[in-house]
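*Asks:* The structure is given below, and queries will be raised subsequently.
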Amino acid sequence: MSFDEMFRAYRLEGRTLVALFEKRDVITLRFDLYHSDDPERCRDGMEYLLDVAVHREQFRIADGARERLRETFSADILRAELADDELRLVADCSFYAAKDRGVVEIALTGSVVALKEHSPTKWPRAPGTARR
């Protein structure tokens, strides 16, 4: 899918980057698309996951520390901008292990990505909690 199509279809600004996976020459960013203003993805207690995969050479950290994205983190996308063949994401990251915060700017180049939208799933219940 082109960056332009993805940009319009998924409105990443205001969403959450929940993971970054690296496998061989592919980097996958996993987003939770839940948003209270999205009529299709706003049900409480549900995850609406989207995987965005690019070749390693299409991914770079334009600002901030890449190694921080190897930790357990959650990142609110503050800004998503499309310019020429580059998609830039500014993410406000919370790092659970270090109880720290930091802003990272991610740049995806090449204008085309592979997407996988997962079926909505319920969040797992914490042990010992009652069903409602």
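The values are calculated or read from the model by the stated rules, or taken from the named source; none is laboratory data. The shown structure was predicted, so the numbers you read here are calculated from the model rather than taken from an experiment. Every residue, glycine as well, gets a Cβ built from its backbone with ideal geometry; the counts of neighbours run over all protein chains shown.
*Asks:* Restricting to the stretch 5-34, and then to whatever is part of a loop (DSSP other than H, G, I, E, B) and touching a Ser or Thr at 6+ places or on another chain (Cβ under 9 Å), can you tell me which residue is modelled with the highest pLDDT?
*Replies:* The extreme case among them is Leu33.
*Asks:* Looking only at the stretch 1-29, count every residue that is closer than 15 Å to Ala107 by Cα, buried (at least 16 other Cβ atoms within 10 Å of the Cβ) and in contact with a His (Cβ under 9 Å, 6 or more places away or on another chain) and tell me the total.
*Replies:* Summing the residues that are closer than 15 Å to Ala107 by Cα, buried (at least 16 other Cβ atoms within 10 Å of the Cβ) and in contact with a His (Cβ under 9 Å, 6 or more places away or on another chain) in the stretch 1-29 gives 1.
*Asks:* Which residues, taken from the stretch 30-53, are in contact with a Gly (Cβ under 9 Å, 6 or more places away or on another chain) and surrounded by fewer than 14 Cβ atoms within 10 Å (Cβ to Cβ)?
*Replies:* Of everything in the stretch 30-53, just one residue is in contact with a Gly (Cβ under 9 Å, 6 or more places away or on another chain) and surrounded by fewer than 14 Cβ atoms within 10 Å (Cβ to Cβ), namely Asp37.
*Asks:* Oh, and also: Look at the stretch 73-132 and say how many of its residues are modelled with pLDDT of 85 or more and outside any strand (DSSP E or B).
*Replies:* Residues in the stretch 73-132 being modelled with pLDDT of 85 or more and outside any strand (DSSP E or B): 5 in total.
*Asks:* Given the residues Arg30, Arg24, Arg43, Arg15, which is the only one that is touching a residue at least 60 places away in the same chain (Cβ under 8 Å) and either under 17 Å from Ala91 (Cα atoms) or touching a helix residue (DSSP H, G or I) at 6+ places or on another chain (Cβ under 9 Å) (or both)?
*Replies:* One residue alone meets the criteria, Arg15.
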